[in-house]
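The values are calculated or read from the model by the stated rules, or taken from the named source; none is laboratory data. Since this is a predicted model, take the numbers as computed values, not measurements. All Cβ positions, even for glycine, are placed from backbone atoms using ideal geometry, and neighbour counts span all protein chains on display.
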Amino acid sequence: MLTLPPLSLYIHIPWCVQKCPYCDFNSHGQHGELPQTEYVDALINDLKQDLHYVQGRQLHTIFIGGGTPSLFDAAHIGRLLTEVDALIPFSDNIEITMEANPGTLEHDDFAAYNKAGVTRLSIGVQSFSSDKLNLLGRIHDKNEAQVAAQKAKVSGYQSFNLDLMHGLPDQSFDEALADIETAAGLAPPHLSWYQLTIEPNTLFHSKPPQLPDDENLWQIYEQGQKRLAALGYQQYEISAYAKEGYQCRHNLNYWQFGDYLGIGCGAHGKITQINNTNINDSKIVRTVKIKHPKGYLTANDYCYETTEVEQEDRPLEYLMNRLRLMSPIPKIEFEQRTGLARATISEGIKQACAKGLMTDSEEHWQLTSKGHLFVNELLSQFL
């Protein structure tokens, strides 16, 4: 039976100093002074229009992403969080993450964001190699990245994450592993480590750089995994590694097909709507907000599109999210998050098990080591 999952909030701040050549996110280069007051006002009005989706729940995580949210002053972030709390009560141990880039943070302000209510920082380092940072169009250098991590460690945050990429242009095996060692030396409780991919509508797509070949990419991935494990970072998601007790709860809710409101330019949301009169009329909807800052800031209705996730699409959507996680899949979670009986996907599970991609116990499904390498093939069983 479909039940209300935990509720999170995603807040999008779209501006950055300059667009990176690999970035396909909804981001816009900064031109002049940012409309911080006006944008926070719009975010609050946007949230007010979504309050009917809350259905009595508290917020248990918030993620402020971008763009580069650290371009906004701590005072504006603080006002935003205070207004959000007044509209939707925070859970006692709420996790509030803000993305930050080393090249935009005045390092004395780390403590100010924490005092404003942010409990966790996610710092976009990408690499500690100066030439790789230049190739990626990053505005910070190696020293700024290291100082940012050191400041985050002593500024009162419950946790912080360092974002690292591998498979960078002309990157050698030794360079990729050196980035892991440098990052681990800064003692972040959480590391995101993922391969650079060339996405459509990016500068790298129109002018592709020379990337490591498949053999080198596999060697970097395989040995990087082993080194991260040896350093005490447990992989809990395809590209996420954490020390014990420091998994990102916001991302876990996302991959477990939980609910999240999305406010800000181009923000996406996913919401379960329960009809207590007739449970069969309950539904899951996805929302998308107006994408461009100019249109967003002048809007009366911030929602660009609302679509229902039809019952026949729910199994695949659930699995596309849930299979990113390393943990076993509780069958009861599938039923609660999709509103469908576990038997709905029994044939696909049977085929996946026959191919050695999954195992099936009484209460759980579990990806095998082979299954983790062939997730797309596994998902094809449920098309």
Item to check | Conditions (1) surrounded by fewer than 21 Cβ atoms within 10 Å (Cβ to Cβ); (2) in contact (Cβ under 8 Å) with a residue 24 or more places away in the chain; (3) not assigned by TED's automatic domain parsing to the domain that holds Cys16: number failed by Leu319 | outcome: (1)
Checklist entry - When the stretch 332-356 is examined, which residues are found to be more than 24 Å from the chain's Cα centre (by Cα) and crowded, with 19+ Cβ neighbours inside 10 Å? => result Gly339, Ile345, Gly348, Ile349, Ala352
Checklist entry - For Gly245, which of the numbered conditions (1) buried (at least 22 other Cβ atoms within 10 Å of the Cβ); (2) at positive phi fails to hold? => result (1)
Item to check | Condition met for Asp109 (at pLDDT below 95 and in a helix (DSSP H, G or I)) | outcome: yes
Next on the checklist: Tell me yes or no: at least one residue of the stretch 193-212 is modelled with pLDDT of 95 or more, surrounded by fewer than 20 Cβ atoms within 10 Å (Cβ to Cβ) and hydroxyl-bearing (Ser, Thr, Tyr).
Outcome noted: no
Checklist entry - Could you list, in sequence order, the residues of the stretch 357-379 that are surrounded by 13 or more Cβ atoms within 10 Å (Cβ to Cβ), within 24 Å of the chain's Cα centre (by Cα) and part of a helix (DSSP H, G or I)? => result Gly371, His372, Val375, Glu377, Leu378, Leu379
Next on the checklist: Considering only the stretch 15-33, I want to know if a residue exists there that is modelled with pLDDT of 95 or more and either in the same structural domain as Val118 (by TED's automatic domain parsing) or surrounded by fewer than 18 Cβ atoms within 10 Å (Cβ to Cβ) (or both).
Outcome noted: no
Next on the checklist: Restricting to the stretch 240-282, give me the number of residues that are out of contact with any strand residue (DSSP E or B) (no Cβ under 9 Å at 6 or more places or on another chain) and hydroxyl-bearing (Ser, Thr, Tyr).
Outcome noted: 1
